[in-house]
2 protein chains.
Amino acid sequence: MMKLMDTQPWLDDDQQELWQALLTVVIALPAALDRQLQREAGISNFEYGVLARLSMADEATMRLSDLARVCDSTLPRLSKVMDRFEARDWVVRRPDPGDGRYTLATLTGAGRQKLAESAPEHVAQVKRLVFDPLSAAQRRHLGTALTRIAATVRRELEGG
Amino acid sequence: MMKLMDTQPWLDDDQQELWQALLTVVIALPAALDRQLQREAGISNFEYGVLARLSMADEATMRLSDLARVCDSTLPRLSKVMDRFEARDWVVRRPDPGDGRYTLATLTGAGRQKLAESAPEHVAQVKRLVFDPLSAAQRRHLGTALTRIAATVRRELEGG
DNA sequence: TATTTTCACTTGCCGAGGCAAGTGAAAGGT
DNA sequence: ACCTTTCACTTGCCTCGGCAAGTGAAAATA
């Protein structure tokens, strides 16, 4: 153990503080968002993201594999979310006419409405928890840093 | 509710970008850490955090409720983690002599060893994913912003 | 002192997600 | 044309975590 600490030193104090704050954010922020969305809309933060992404797509339609990628999801996970959404008539699935291996998911009117209903409070919560505590400059800096980290993590998950 | 939408509508473009990056980080970063730790040590990122926190405590001993708070965990969740840890002889639980309602958890030698084994690669991964992509100034700014957000989110979860 | 309330934790039940194996469609090889 | 391989997804099995109800210990009230 001592030997390992020599070659691969631990985080220094500043790094420790940053790391602890990041851990709290990645653990507690999703928990807070989930609780509010679950209570007020009966969906998870992740499910909200799926609805939002689909609604932004052309024709509100995407291939599942593309949707999974932009939502940072595995395919099995998204598949099961789609099962739930289809059961509630929020989306419809059909094979891609051009290539039968792909599946196209389309947001229905009911799905769009569900999103519209849950959006205002969710957005307000995001603003309250993430944006309100920061100055404009801090937001800029945070955006820059997070974008870099996000890109690195994405590569990690795709390559690993 | 309507009032919120009037005064604070959707996120603007810069906010959208920040928000998307933050979503990727809170979703994909834990996933990446979990995968590596699971593969190489058979534990989750959360479990690693519990071991690490305990090891830092005086006598490697903490009340479960205190441990839960610093790990941003619920008590049921931590209780089940402790079941697993006790089954592997990584911790022992005993009632607090001073107040029988509290339970003290102590890290055993085996538990400390498990932590020491998994630490180097985990720390290296954290450095690679979080610190390496950033300049020194960016790290400082990120730390400042995340600390503020973390404090806000903590208050949210305790108060809600 | 007896009863009630408040803790700190545990347990049971259920839904969600990961992984590995299965299915069906297209592409590649012979 | 056939067989194999490679996709894109789906399904099954299992574990983890959330919530609500249960337990046992201390405090508060009477």
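We did not get these values from a lab; they are worked out from the coordinates using the rules stated. In this text the structure is predicted, and so the values were computed from the model without any measurement. Cβ atoms come from the backbone with ideal geometry, glycine included; neighbour counts cover every protein chain shown.
Brief remarks follow.
- Checking B:T147 against (1) under 15 Å from B:Y48 (Cβ atoms); (2) away from DNA strand D (no atom under 16 Å from the Cβ), the condition it does not meet: (1)
- Among the residues of region A:67-118, those that are of a type in the set (V, I, T) and closer than 26 Å to B:T24 by Cβ comprise A:V70, A:T74, A:V81, A:V91, A:T103, A:T106.
- Residue within region B:53-71 that is within 16 Å of DNA strand C (Cβ to nearest atom), of a type in the set (S, T, Y) and touching a residue at least 24 places away in the same chain (Cβ under 8 Å) present: yes
- Options A:R128, A:R139: the member that is farther than 21 Å from A:Q36 by Cα and among the basic types (K, R): A:R139
- Checked against the criterion of being closer than 30 Å to A:T147 by Cα, within 15 Å of DNA strand D (Cβ to nearest atom) and surrounded by fewer than 19 Cβ atoms within 10 Å (Cβ to Cβ), region B:75-84 has no qualifying residue.
- Top-ranked residue of region B:24-44 - restricted to ones that are at the interface with chain A (Cβ under 10 Å from one of its Cβ atoms) and polar (S, T, N, Q), ranked as farthest from DNA strand C (Cβ to nearest atom): B:T24
- Elements of type helices (runs of 4 or more DSSP H) in region A:45-134, at least 1 residues being within 14 Å of chain B (Cβ to nearest Cβ) and basic (K, R): A:45-56, A:64-70, A:75-87
- A:R101 being touching a strand residue (DSSP E or B) at 6+ places or on another chain (Cβ under 9 Å) and surrounded by fewer than 14 Cβ atoms within 10 Å (Cβ to Cβ): yes
- Qualifying residue in region B:132-142 (condition: within 30 Å of B:L22 (Cα to Cα) and within 20 Å of the chain's Cα centre (by Cα)): yes
- Filtered residue count, region A:46-62, keeping only those that are charged (D, E, K, R) and within 21 Å of A:R155 (Cα to Cα): 1
- Search result, residues across region B:28-44 that are touching a residue at least 40 places away in the same chain (Cβ under 8 Å) and surrounded by 16 or more Cβ atoms within 10 Å (Cβ to Cβ): B:L29, B:A32, B:L33, B:Q36, B:L37, B:A41, B:I43
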